[in-house]
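Below: the structure, in structure tokens.
Since every read-out is calculated from the coordinates, none of them should be taken as a lab result. Not measured: the values here are computed from a predicted model. Here Cβ is always computed from backbone atoms with ideal geometry, including for glycine, and neighbour counts include all displayed protein chains.
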Amino acid sequence: MTVPSPNATGRLTACDVLVIGGGPAGSTISALLAEQGWNVHVLEKDRHPRFHIGESLLPHSIPMLKRLGVLQEVEKIGIVKYGAEVVSHYHGRSRMLYFSRALDGSQPFAFEVKRAEFDEILLRNCAAKGAHVWEGYRAKQVKFRPEQPTLVYGEDPQGQALTWETRFVVDASGRDTFLSGQVDGKHRNPHHNSAAIFGHFKDVKRLPGMDEGNISIVWFDHGWFWIIPFKDGITSVGAVCWPYYIKTRKTELELFLRDTIALCPPVAERMAKAKLVTSAHAAANYSYRRTTMSGDGYIMIGDAFAFIDPVFSSGVHLALNSATLGANVVDAYLRGSPEHARLLRRFHRTVRRGVKTYSWFIYRFTQPAFRALFMSKRSRFKMEEAVLSILAGDAFGKSPTQIPIFLFKIAYYLTYLFNLKENWLAYRRRTHGIPSTVTEVKDYAVNTLPELRS
């Protein structure tokens with residue numbers, strides 16, 4: 001719901017919290033702060049529903065969705081996901097990894113959702129809880145003023161200049177990383193970079209029985225594929241590729257996507273009868289991180305702080321978690337609570353730990369040594385159970401994963417050394433071209449919802 005223009009009477013609009021971005025992070029923190037009685041305004045540059053990727057949720061997001069009061073609505077739009085299938089044509093087989101086998105089996109399932117529907121549920125929920133949502137309104141500049149409210153300059157859908165006066169700013173702008181343009185500190189990851197090409201298809205072959213809703217992750221020579229089924233029979237299929245491969249594109253994006261699918265027999269087999277029902281999309285230069293995530297009167301949550309790679313479906317989970325922790329920080333700041341400093345330290349520590357935990361796995365996911373460990377059916381010292389806990393979203397130290405994950409890392413490095421040449425060549429191939437920007441693929445960021453093809 002969009003409220004009337006705040007400057008229709010020519011006055012500044014004052015609020016307690018101004019949230020830039022109405023994705024999962026922005027909607028979550030807005031709902032939680034509005035529940036606590038704060039005057040929250042949300043600037044969302046697009047109108048929902050709008051297309052977005054990141055469609056596979058994690059089990060440990062379920063309690064946060066329940067806390068927000070949206071779990072039943074998400075259940076209606078989602079297909080149940082009990083685990084993840086990993087497919088390796090290098091080994092000639094696949095493995096199904098079930099969340100129920102994690103160290104903490106209390107969250108044995110999640111959902112696959114279309115983000116257009118999921119994000120709209122979260123945005124409407126925060127509006128229902130009292131947040132003022134401005135769809136089609138774009139933040140342009142923030143002016144921080146010592147010991148005075150911050151001014152946020154923006155514009156309405158017609159381009160009319162508007163101004164908000166706020167006590168606190170939350171940057172939840174996702175991969176737009178709005179505040180980074182003003183306060184600097186954003187760095188592309190020097191060790192990991194990739195680009196994705198993807199689309200929604202019908203008539204993609206599904207897994208049988210209870211595994212129908214599980215995500216499939218498939219390795220191939222130039223990166224990896226995702227296959228994410230939706231409740232309505234549509235399937236999201238995408239390839240995350242390394243820079244050197246993306247730069248070989250000489251054709252239209254849709255044809256390039258189909259040609260890339262043809263390079264991976266396990267994916268091509270499941271898509272023998274598939275038809276593309278949306279445009280082909282692309283997102284480039286995935287991995288980045290900021291050196292700072294807060295300052296006097298502002299914090300950054302979700303992808304506004306860091307983005308790694310979608311392989312473990314961690315994006316929405318990290319967004320929900322940082323927003324939940326961030327709400328406590330903002331509330332304490334506004335109340336002038338002595339707990340603010342402690343909560344801010346916890347916010348920094350926990351968010352960075354989650355990003356660091358997933359980063360270690362993601363940076364090594366396509367290495368031959370990693371594939372060998374994932375495809376192994378032997379589990380010692382609860383290493384597999386601990387890895388499954390991470391895959392389920394327990395990346396913040398709630399389960400006793402530290403020792404088995406440490407042992408898993410040792411096993412990885414030993415496996416790497418055992419086949420040093422193959423792993424080193426794979427590393428060099430993956431990192432080739434990272435310092436340069438992949439300009440051949442335009443980053444779609446967030447597009448309006450595409451019309452389905454007939």
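Can you list the trypsin sites (Lys or Arg not before Pro) in region 263-335 that are in a DSSP coil and have 10 or fewer other beta carbons within 10 angstrom?
Lys273
If a/c stays under 1.5 just call it rounded; otherwise compare a/b with b/c (prolate if a/b is bigger, oblate if not). Do that for region 313-419, with a ≥ b ≥ c from the square roots of the Cα gyration tensor eigenvalues.
prolate
More than 38 Å apart: what percent of Cα pairs in the chain qualify?
22 percent
Under 16 Å from the Cα of Lys140, which aspartates and glutamates turn up, not counting those fewer than eight places away in the same chain?
Glu44, Asp46, Glu155, Asp156, Glu165, Asp171, Asp176, Asp184
Using a/c under 1.5 as the rounded threshold, could you call region 44-192 rounded, prolate or oblate? The axes a ≥ b ≥ c are square roots of the C-alpha gyration tensor eigenvalues, and prolate needs a/b larger than b/c, oblate otherwise.
Taking the square roots of the gyration eigenvalues as a ≥ b ≥ c, region 44-192 is prolate.
What's the local net charge at Met375, with K and R +1, D and E -1, over the other residues with C-beta under 12 Å away?
+3
Work out the length of the dipole vector of the chain about its Cα centre, built from +1 on the beta-carbon of each Lys and Arg and -1 on the beta-carbon of each Asp and Glu, and round it to the nearest 20 debye.
I would put it at about 1360 debye.
Of all GluC sites (Glu not before Pro) in region 234-294, which ones are in loop regions per DSSP and have a Cβ with at most 11 other Cβ atoms within 10 Å?
Glu252
Mean residue ellipticity at 222 nm from the helices of the chain, using -39,500 (n - 2.57) per DSSP H segment of n ≥ 4 over the full residue count, to the nearest 500 deg cm²/dmol?
-10500 deg cm²/dmol
Can you list residues whose amide H is under 5 Å from Phe220's amide H, if they're 5+ apart or on another chain and H is modeled 1.01 Å from N?
Excluding prolines and chain starts, which carry no amide H, the hits are Phe225.
With a cut-off of at most 10 other beta carbons within 10 Å, and DSSP calling the residue loop, which GluC sites (Glu not before Pro) in region 125-176 qualify? Please list them.
Passing sites in region 125-176 are Glu147.
Answer with one residue from Ala25, Gly336, Val355: the one whose Cα lies farthest towards the positive end of the charge dipole of the chain, charges on Cβ with Lys, Arg +1 and Asp, Glu -1.
Farthest towards the positive pole: Val355.
Excluding Ser94 itself, calculate the net charge of residues whose Cβ lies under 13 Å from the Cβ of Ser94, where each Lys or Arg counts +1 and each Asp or Glu counts -1.
So the surrounding residues net to +2.
Only helices at least 15 Å long along their axis, Cα-based, and averaging -0.5 or more on Kyte-Doolittle count here, so list those DSSP H runs from the chain.
24-35, 115-128, 315-335, 402-418
Could you please rank Thr251, Thr150, Thr292, Thr366, placing first whichever residue has the fewest other Cβ atoms within 10 Å of its Cβ?
The fewest-first ordering by Cβ neighbours comes to Thr251, Thr292, Thr150, Thr366.
Counting only other residues whose beta carbon sits under 11 Å from that of Lys356, what net charge do I get with K and R as +1, D and E as -1?
So the environment of Lys356 carries a net charge of +4.
Using only the Cα atoms of region 352-413, build the gyration tensor, take square roots of its eigenvalues as a ≥ b ≥ c, and label the shape rounded, prolate or oblate: rounded if a/c is under 1.5, else prolate if a/b is larger than b/c, else oblate.
Verdict is oblate for region 352-413.
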